[in-house]
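Some notes on the structure that comes next.
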Amino acid sequence: SLTCHGLLFNLQVFLNTMATVSSGGGMLRAEEESEAEVRREDQNNINKFARLNARLNEVKAEKESIKKQLEGIDDASTELMMGSGEKVMLMVGGETFFEVSEEYATEHCEAEVEKLQEQVDGLEHEEADILEEQAKLKTILYGRFGKSIQLEA
């Protein structure tokens, strides 16, 4: 369509005239510019890279959030270990506090740590997969456009 063609043309103009060298930050020298025309396949790869980059940022943020939760549970577990084993503890369930045995509270903390650690492991695996896919796309796109394209976040 005309709109798609216009987008590809605009991207070509951007690649040829506005690209910067990541190390120097200035305009490219004439011999560094790529005259390669942007094909639909190239545009799809660029879009895929951008989506992967957005998801990578989401995964990293989610992983950090879970790690903070793990730290809080670890602190609670440490406090529980210092107890005598016969105390009644207050746990929070939503907006309510309720009494539980120290043993139950310890088991609950251990189960939460296990559940959250599985989530972190899954996110780390997803992050590795994203980075691997981005490396493949970088190879393809830098091979096609050289220094005329900037893929670093």
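Here are a few things to note about the model shown:
- Counted residues, segment 111-120 - those being surrounded by 13 or more Cβ atoms within 10 Å (Cβ to Cβ) and either in contact with a strand residue (DSSP E or B) (Cβ under 9 Å, 6 or more places away or on another chain) or among the acidic types (Asp, Glu) (or both): 1
- Unique match (being open to solvent by 80 Å² or more (accessible area, probe 1.4 Å) and in a helix (DSSP H, G or I)) among Glu127, Glu107, Glu99: Glu107
- Subset of segment 120-153 (residues that are farther than 14 Å from Gln43 by Cα and without any contact (Cβ under 8 Å) to a residue 12 or more places away in the chain): Asp121, Gly122, His125, Ala128, Asp129, Glu132, Ala135, Lys136, Thr139, Gly143
- Matching residues in segment 48-63 - criterion: being open to solvent by 80 Å² or more (accessible area, probe 1.4 Å), within 10 Å of the chain's Cα centre (by Cα) and either without any contact (Cβ under 8 Å) to a residue 60 or more places away in the chain or over 25 Å from Met91 (Cα atoms) (or both): Asn57, Glu58, Lys60
- Residue among Ser23, Ser77 that alone is small (Gly, Ala, Ser), at pLDDT below 90 and not in a helix (DSSP H, G or I): Ser23
- Within segment 65-96, considering residues that are touching a Leu at 6+ places or on another chain (Cβ under 9 Å) and of a type in the set (Val, Ile, Thr), the one most open to solvent (accessible area, probe 1.4 Å): Ile73
- Scanning segment 130-153 for residues that are part of a helix (DSSP H, G or I) and open to solvent by 60 Å² or more (accessible area, probe 1.4 Å) yields a total of 9.
The values are calculated or read from the model by the stated rules, or taken from the named source; none is laboratory data. As the structure is a prediction and not an experimental result, all values here were calculated from the model. FYI the Cβ positions are ideal-geometry reconstructions off the backbone, even for glycines, and counts take in every protein chain you see. Keep in mind that these areas ignore ligands, DNA and RNA; they rest on the heavy atoms of the full protein, side chains included. Shrake-Rupley method; radii C 1.70, N 1.55, O 1.52, S 1.80 Å.
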